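These notes concern the structure reproduced below.
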Amino acid sequence: MKLDPAYHLYRWSARRMLIPPLVLALFFLGCLLVRGVPLSRDFRGGTLIQVRGMENYPQLGEVGGIVENLLGGKAEVKLTSYGGLHGLDIETDNLDLPQGVRENLRLSLAQELGVSENQVTVYNMGSVLTSLSKSQARNALAVAPILMALVIFLNFRSLKTSGSILGSVWLNVFDALGCMALAGVNLSMGSMAGLLMLLGYSDDTNTLLVTAVEKGVGGTPRERAATAMRTGLMVNGTTFLTLLFVNLLTTSTLVDELTFPLLVGMVFDVVNTWFLNAALALGKKERREIPVAL
Amino acid sequence: MMLVALLSVASVWRPWAEVNERTRSTLGWASEFTRGLNFGVDIVGGSRILLSLQASHLAFQFSPSELPGAYEEVVGILENGLHTRVLPLDAKGEALKEGLPYDPSTGVARVEVGVRATEGLLNLVENLVGDRAHLLRENVTNEVCTQTRNEVIEILKNRVDPLGTRGAVLKALGGNLILYEVPALTPQEAEVLLGKQGRLEVWLENEPLLYGEHILRVDPPRASLQERNAAELPFRLTDEGASRFREGAAGKANYPTVVYIDRPTDAVLLVQDELLSSLPVLEYDDYSHLFRAKGFPEEGGGYYLQVPAAVTPGDALSLEARSFLEEENRTKFRILLVGNFSEKVLEELPPSYSVENVPHPGDAETWIREACGCKSVITISPSLAQELLLGKEVKDLVITVSRASGEEAMREARTLRTILSQRLPVGVSVEGESMLEARLGTTFLKQLLWAALLSFLGVLALIFFRYRRPIITLAVMGTMILELVITLGVISVLPYSLDLAELAGVVLVIGTGVDAQIIITDELMRGGVREVRAVGGLRDRVRRAFRVIWGSSLTTLVAMIALATLGFGEMRGFALVTILGVLLSVLLTRPLYARMVNAILGRGEVKG
């Protein structure tokens, strides 16, 4: 028996097709409400620990482990040098450490690294966003959906069609955010870039579907949707493969955070495009075609 | 297209260019073939500089019955006495947004001043304020409010990385510290990028009249019509600035207004006394320890250069100079040398000072003016003085810059414009600097190369199994490679710094660019050649495929423009690389691929 990924497009009613994406969205709404998306250092700041004047430097991974044990949470260790001596810059997610904890951290780290406590300094590190950047970010994030809606509307000149595409595209982002909450992936500059890129990728498949159903020629709308779905799966498949290799083979937090929402978003895109948006597009087309059929 | 690809290879490789030493030591042989690319901090390392903002928070106890008069008086005294901006703060130490600048019940007021708090400064403040208020020493801190810190970060970001492509990062570190990180540069090079502070002051009658915050905008410079070898830099004042100027300059015909940029408020000049005989306009006033312009204010003279100075022979430090320097050490930390001094003089200087040479610009008078940060002296014309007296508000003023040649004057005026447009509200000094080693370096590049190679093979397999036509597979993969080469080529001619996010962006753009090829191929091959002919032909199908591609590309572009406009961090580079990749693919490689497939199908190579 041959497995047909577009089986539901032939056999299911439009209403039935709505169920999987809505169940998924409800599940991730729950995840978001219960767990919330943790914010990264980019957005809320953290702590910078500087160790200076070391003649030799230890394994960076070990130092990261020591700090993670002392403070909990992730620690990123960078090696520095000046005037023939070495230093360490350790960045952690911990925010506004009380004076006692800071002192304890200095003493423990100095002891572990075999340096004097005067060589260890602890700073509260602010976010990369200044208040001006925050207001710019708010403006950009407010304008982007409007521009995107305009682009999609100009492409289809129909409020309903553009609305269904936008709904499906944003639902991908919503599901990806829910999945980040579930997996405990930080909302950082990297993951935000991934979420924004997801918008473009999702639009790809949704436009493919709607163009096939509404403007395609030959066959029934469901057959055209099924053909478009095969193309769409291929498109998602190649993208998924690239993202998967980049995510698995590189050891960078930033790249992990960038690719995670894209990877999971590609999966949700299949559900939201080929079930939710397909249901809406086919429902609309079939309602329009019923009187003709009668 | 092949020519563009070849040019791209040449631009990335650049065999004629020097290899960046830092890149060579990190990337090894790979650096020889990527001379045109600039790599980011995580790949080749860079510099980390700890910047300290010269500002402090002072708290005063007023007698509640004397408020608000005493408060306003003290603010005026501090502005004039410390020659700095005084920013009212709320109880949490943040810039006051609304309400009274003091607590009317307790009489406590907090302000931020653009000077570091030292014992000397606190004594000076107490002397200046007298019994108008009591300085609460226990509440004095060396810190800046969020507003000032953010202003400084934004301005420095605009200076060092205006396009956000260099990969520079600036972060607040609490208190008055800022962390500044920039890839592939030594700390010295990174410091040069920070540039001058750009603190503007305009003085009239030896009192500060206007500060940088009173400037609304600075216009492009122009050659002066009144003076040879001079350039004029017009600037516009804010409403408050115009009103201060009117109050200060009304009726002061021919009075000089002295314009300073980065007047060294923490320094004392040490001037070689042999230079004094060659000064045409300036003279040294040994009572006030300041240089003074000869003449009277009504004749455009009589102004003092507001940096204390000691004069001594070039071969020995005089007793007077030494005692003056020791006295000034309460509030000053640097000695600026104007003249040629022997080793003996340098050894005799009080050790608590740091000593800097002021570059010799040509003549002694300019040397002293430059050391004081004095950029120009403008006299108020009689007509302007009269207009101001009659209550007219003048907003447009001009700084005249004179140099040895007109060209030099214009160059200096342009630099001044940049500095004034990006002026800092408080002083910034370097607290510590270090080289940041490449955290991931070649490891990350190798990982990325493996990821790219496996993606390439994976996509190749998927395409082949889907279409089962080697020539189509070849066309798709060939277009992918072409896209990669051209994208890197274009990046190499732009001031982009490729760090982790940007490199991942390149791989993602290329890896996902194949989507468009699949859409074109599927659209063209759907139903076979017979159906192609029946339903509008190849051209209509290509048009339909491009409609989908353009739609999604425009959405990606809008999303990435939003990300680039967010204006911070390393993701701006990622967004710009993605925008570039999408534009290149939609405008260059997609049409090429469509033509290739068109040609293949036209020859009947592909059967339905």
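The values are calculated or read from the model by the stated rules, or taken from the named source; none is laboratory data. Note that the coordinates shown come from a computational prediction; the quantities given were computed from them, not determined experimentally. Positions of Cβ are generated from backbone atoms using ideal geometry, with glycine treated the same way; all protein chains shown enter the neighbour counts. For accessibility, only protein heavy atoms count, side chains too; no ligands or nucleic acids. Shrake-Rupley method; radii C 1.70, N 1.55, O 1.52, S 1.80 Å.
Points worth noting:
- Of all the residues in the range A:202-222, those that are more than 7 Å from chain B (Cβ to nearest Cβ) and within 30 Å of residue A:264 (Cβ to Cβ) number 11.
- Residue count, the range B:316-338 (criterion: open to solvent by 10 Å² or more (accessible area, probe 1.4 Å) and in contact with a Phe, Trp or Tyr (Cβ under 8 Å, 6 or more places away or on another chain)): 4
- Residue match in the range B:491-498 (condition: modelled with pLDDT of 80 or more, in contact with a Ser or Thr (Cβ under 6 Å, 6 or more places away or on another chain), buried (at least 18 other Cβ atoms within 10 Å of the Cβ) and more than 10 Å from chain A (Cβ to nearest Cβ)): yes
- Identity of the residue in the range A:171-201, within 13 Å of chain B (Cβ to nearest Cβ) and more than 12 Å from the chain's Cα centre (by Cα), that ends up surrounded by the fewest Cβ atoms within 10 Å (Cβ to Cβ): A:200
- Matching residues in the range B:257-282 - criterion: being open to solvent by 10 Å² or more (accessible area, probe 1.4 Å), within 23 Å of residue B:202 (Cβ to Cβ) and in contact with a Phe, Trp or Tyr (Cβ under 7 Å, 6 or more places away or on another chain): B:266
- Taking the conditions (1) without any contact (Cβ under 8 Å) to a residue 60 or more places away in the chain; (2) assigned to a loop (DSSP other than H, G, I, E, B) in turn, residue B:283 satisfies each one other than (2).
- Tally of residues being outside any loop (DSSP other than H, G, I, E, B) and under 33 Å from the mean Cα position of the chain (by Cα) across the range B:125-149: 7
- Candidates A:53, A:83, filtered to the one that is over 33 Å from the mean Cα position of the chain (by Cα) and free of Cβ contacts under 8 Å to residues at least 24 places away in the same chain: A:83
- Looking at A:230, A:224, just one residue is among the basic types (Lys, Arg) and touching a residue at least 24 places away in the same chain (Cβ under 8 Å), and that residue is A:230.
- One residue alone among B:369, B:417 is under 30 Å from residue B:184 (Cβ atoms) and surrounded by 18 or more Cβ atoms within 10 Å (Cβ to Cβ), and that residue is B:417.
- Hey, residue B:77 touching a residue at least 12 places away in the same chain (Cβ under 8 Å), under 20 Å from residue B:118 (Cβ atoms) and of a type in the set (Val, Ile, Thr) or not: yes
- For the residues B:35, B:110, B:48, B:24, the requirement of being basic (Lys, Arg), within 30 Å of residue A:252 (Cβ to Cβ) and open to solvent by 70 Å² or more (accessible area, probe 1.4 Å) singles out B:24.
Listed here are the residues, each with its yes/no results for (1) within 30 Å of residue B:23 (Cβ to Cβ); (2) within 14 Å of chain A (Cβ to nearest Cβ); (3) open to solvent by 10 Å² or more (accessible area, probe 1.4 Å); (4) aliphatic (A, V, I, L, M).
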| site | (1), (2), (3), (4) |
| --- | --- |
| B:42 | yes, yes, yes, no |
| B:57 | no, no, yes, no |
| B:64 | no, no, yes, no |
| B:71 | no, no, yes, no |
| B:103 | no, no, yes, no |
| B:130 | no, no, yes, no |
| B:149 | no, yes, yes, no |
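- Just one of (1) over 30 Å from residue A:276 (Cβ atoms); (2) open to solvent by 30 Å² or more (accessible area, probe 1.4 Å) fails for residue A:39. It is (1).
- Among the helices (runs of 4 or more DSSP H) confined to the range A:8-99, the ones with at least 1 residues that are within 12 Å of another protein chain (Cβ to nearest Cβ) and farther than 25 Å from residue B:185 by Cα are located at A:41-44, A:60-71.
- Members of the range B:548-557 found to be within 7 Å of another protein chain (Cβ to nearest Cβ) and open to solvent by 20 Å² or more (accessible area, probe 1.4 Å), listed by number: B:554
- Which listed residue, of B:3, B:53, is of a type outside the set (Gly, Ala, Ser) and over 24 Å from the mean Cα position of the chain (by Cα): B:3
- Residues in the range A:233-257 that are within 24 Å of residue A:61 (Cα to Cα) and among the hydrophobic types (A, V, I, L, M, F, W, C) were compared, and the one that is most open to solvent (accessible area, probe 1.4 Å) is A:248.
- Test: residue in the range A:226-235 that is within 8 Å of chain B (Cβ to nearest Cβ), in a helix (DSSP H, G or I), touching a Ser or Thr at 6+ places or on another chain (Cβ under 8 Å) and modelled with pLDDT under 90: yes
- For the range B:245-256, filtering for residues that are surrounded by fewer than 20 Cβ atoms within 10 Å (Cβ to Cβ) and of a type in the set (D, E, K, R) leaves 2.
- Residue B:47 vs. criteria more than 29 Å from residue A:79 (Cα to Cα) and among the hydroxyl-bearing types (Ser, Thr, Tyr): no
- Breaking point among (1) at pLDDT 80 or above; (2) within 7 Å of chain A (Cβ to nearest Cβ), for residue B:545: (2)
- Hits in the range A:209-221 - residues which are without any contact (Cβ under 8 Å) to a residue 40 or more places away in the chain and under 24 Å from residue A:149 (Cβ atoms): A:211, A:212, A:215, A:216
- Residue in the range B:227-244 that is small (Gly, Ala, Ser) and in contact with a Gly (Cβ under 9 Å, 6 or more places away or on another chain) present: yes
- Check on residue A:105, open to solvent by less than 40 Å² (accessible area, probe 1.4 Å), more than 11 Å from chain B (Cβ to nearest Cβ) and touching a Pro at 6+ places or on another chain (Cβ under 8 Å): no
- Any chance residue B:464 is surrounded by fewer than 20 Cβ atoms within 10 Å (Cβ to Cβ) and in contact with a helix residue (DSSP H, G or I) (Cβ under 9 Å, 6 or more places away or on another chain): yes
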